[in-house]
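Novice: Would you mind keeping the following structure in view while I ask a few things?
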Amino acid sequence: MVRSEPAMTDEDGNFLKSLSALRLVKESVEPLVKKGSLQYTEEIINQARQEAGLYGKDICGHCTTHNAVPCKPGNGLCHYDKDGNCRFHDTSDPLKAFKICPKGICNRIVRIIKSRHRFHSPTFKNTDARRWFQNPFEIMKCFIPTDGYQAIETVEKTDLVGLLSVIINCKSFQSLVAADLGAQHNIFDKMREIRNKTFHSADYNITDRDLQEHMKLMLSILNDAMFLAHDKDAQTAAEKIQEIADSSVHVYCGEEVQDPDLNPESDFSWGKTIRENAREPVRDTVYMVHPPGGMLEVSKGSQHQLSLGCLVVQARRARFSATWPV
Ligand SMILES: [Zn+2]
Ligand SMILES: [Zn+2]
């Protein structure tokens, strides 16, 4: 069966292009967040040690978040019942009561995190104080304003919004970013808005004009003069985003691909291979979307298992085409 009309519009194609570009931005800011996490966590712990009068490499690792964070309204953790008892802290449980750290470090770290937070409102729900001395990202998660990141241990496993929030809310990141992070609507702030706008769009459509604006902003992030402009991978990502921005998108759904430019010998058999769920060397860069919203890039010459039922967008020079395997 050959479909005569496309089931997907060019604006659907814009949405796919935007997802590809957002993934490239996310991968590009990962090294920046990793570098900052390592550097600022060390600074925060060292400051706490010095204030406690310790000049070695003392660590704690025994205080829980309950132990370290004082019981106070407005800290995002403590809520009180009608008798004034905190629902978070429990004075009868040693692991859930507030206490002074035996090393004098952990309560100081809490205070320093708050002082380095742009809005003085860290999210301690995202962190486990016992891991502060093992994983540099554990402290950085306090700078993500929404909870739900407690089980996440790495920068790679954190979504773009989480990473941008760390950069924006941890004031120390200003030393790795040229844009003024304290300014309203700075490029990192706008990037977070665009990501949210894309993912929360009611119709999952992006107009050509919006897409061009989004791409322009993404490029200005990747060209931020302090760290990203000197990072080879970020610059390669910028080139790819430019290529995506310059491509036209044609998306077809159906059993067969109707595209006059497709070579039946190569492109069509490629589509057939996907339908047969076979392991096949990839001949070109391919963006695989399964389910919509998930994104994986496999590159030329690699072996990759393509699952039946995936939407596969075959990226070629200045042109995308897609098959919907049946
Ligand atoms: Zn409390
Ligand atoms: Zn402690």
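Each value in this text was obtained by applying a stated rule to the coordinates, not by laboratory testing. Worth saying up front: this structure is predicted, and the values here are computed from it rather than measured. Heads up, the Cβs are rebuilt from the backbone with ideal geometry, glycines too, and the neighbour counts pull from every protein chain shown.
Novice: For Thr9 and Glu243 in the same chain, what is the full-extension length gain: residue separation times 0.36 nm, less their Cα-Cα distance, in nm?
Specialist: Answer, rounded to one decimal: 82.2 nm.
Novice: What list of ³J(HN,Hα) couplings, whole Hz, do you get for the stretch 149-164 from phi and the Karplus terms 6.51, -1.76, 1.60, once you set θ to phi - 60° and write x for glycine and proline?
Specialist: 9, 4, 7, 7, 10, 10, 4, 4, 7, 8, 6, 4, 4, x, 5, 5
Novice: Another question, then. Per residue of the stretch 173-178, what does 6.51 cos²θ - 1.76 cosθ + 1.60 with θ = phi - 60° give for ³J(HN,Hα)? Whole Hz please, x for Gly and Pro, Karplus curve as stated.
Specialist: These are the phi-based 3J(HN,Hα) values: 4, 4, 6, 10, 10, 7 Hz.
Novice: Next up: Using a 10 Å cut-off around each Cβ, can you sort Ile59, Ile100 from fewest to most neighbouring Cβ atoms?
Specialist: Numbers: Ile59 15, Ile100 12.
Ranking Ile59, Ile100 by Cβ neighbours within 10 Å, fewest first, gives Ile100, Ile59.
Novice: Right, next: How big is the charge dipole of the stretch 19-110 about its Cα centre, in debye rounded to the nearest 20, if each Lys and Arg gets +1 on its Cβ and each Asp and Glu gets -1 on its Cβ?
Specialist: That gives the stretch 19-110 a dipole magnitude of about 120 debye.
Novice: Provide Rg and Dmax in Å for the stretch 79-232, with only Cα atoms included in the calculation.
Specialist: 18.9, 60
Novice: How big is the stretch 45-145 by the Kirkwood estimate over distinct Cα pairs, in Å? Please report the intermediate quantities before stating the final value.
Specialist: Working: mean 1/r = 0.0718 Å⁻¹.
That comes to 13.9 Å for the stretch 45-145.
Novice: Going by C-beta contacts inside 10 Å, put Phe119, Phe137, Phe227 in order with the fewest on the left. Write down the numbers at each step before the final one.
Specialist: Details: Phe119 11, Phe137 22, Phe227 18.
Lowest to highest Cβ neighbour count: Phe119, Phe227, Phe137.
Novice: Enumerate the amide H contacts of Tyr80 below 5 Å, restricted to partners 5 or more residues apart or on another chain; note that Pro and chain-start residues carry no placed amide H.
Specialist: Amide H neighbours of Tyr80, under 5 Å, 5+ apart: Arg87.
Novice: I would also like to ask the following. About the Cα centre of the stretch 161-248, what is the dipole size in debye to 20, counting +1 per Lys and Arg Cβ and -1 per Asp and Glu Cβ, all else neutral?
Specialist: The dipole magnitude comes to about 280 debye.
Novice: Let me ask another. In whole Hz and in residue order, list the ³J(HN,Hα) couplings for the stretch 198-211 that follow from phi through the Karplus curve 6.51 cos²θ - 1.76 cosθ + 1.60, θ = phi - 60°; x for Gly and Pro.
Specialist: 4, 6, 9, 5, 5, 10, 6, 10, 10, 6, 4, 5, 4, 4
Novice: Follow-up question, since we're still on this one. For Cys142, Cys101, what ranking results if the residue with the fewest other Cβ atoms within 10 Å of its Cβ goes first?
Specialist: Ranking Cys142, Cys101 by Cβ neighbours within 10 Å, fewest first, gives Cys101, Cys142.
Novice: If you put +1 on each Lys and Arg Cβ and -1 on each Asp and Glu Cβ, how big is the dipole of the stretch 65-205 around its Cα centre, in Debye rounded to 20?
Specialist: 500 debye
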